[in-house]
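Everything below concerns the one structure shown next.
The values are calculated or read from the model by the stated rules, or taken from the named source; none is laboratory data. Everything numeric here is computed off the predicted structure, so don't read it as measured data. Cβ placement follows ideal geometry from the backbone for every residue including glycine, while neighbour counts extend to all protein chains displayed.
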Amino acid sequence: MLQVTNIQYIRQEVNIKGCSYADVARRTNKDYRTIKKYADMEEFQPKGNIKKSQPASVMDPVKDIVDQWGSSFNVTQLQYVKPNFVS
């Protein structure tokens, strides 16, 4: 999205001064479709970030059980077992 000052400039040049989209596009090094988009907008304030809702996690049904296992698990009991590759 363009900065507000750039959008205001585009709207002024096209809507008030009557310059063509192509003329403003050449002066601003933007595509004429971008100029048209911003010149024709009624409101150009950013709408803010809209978060998409996250689908339910696959772990939700068993999360409580796994948390219980984790709380009763002692990390010092871990042992590394070297894999035994058969050649």
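In the range 41-56, what count of residues is obtained for those that are at pLDDT 80 or above and exposed (fewer than 10 other Cβ atoms within 10 Å of the Cβ)?
Residues in the range 41-56 being at pLDDT 80 or above and exposed (fewer than 10 other Cβ atoms within 10 Å of the Cβ): 1 in total.
Of all residues being surrounded by fewer than 13 Cβ atoms within 10 Å (Cβ to Cβ) and not in a helix (DSSP H, G or I) in the range 21-40, which is nearest to the chain's Cα centre (by Cα)? Just the residue, please.
Only one residue fits best here, namely Asp31.
Kindly evaluate Thr5 against the criterion of being on the phi < 0 side of the Ramachandran plot, modelled with pLDDT of 85 or more and within 24 Å of the chain's Cα centre (by Cα).
On the way: on the phi < 0 side of the Ramachandran plot: yes; modelled with pLDDT of 85 or more: yes; within 24 Å of the chain's Cα centre (by Cα): yes.
Yes; evaluated as a whole, the condition is true for this residue.
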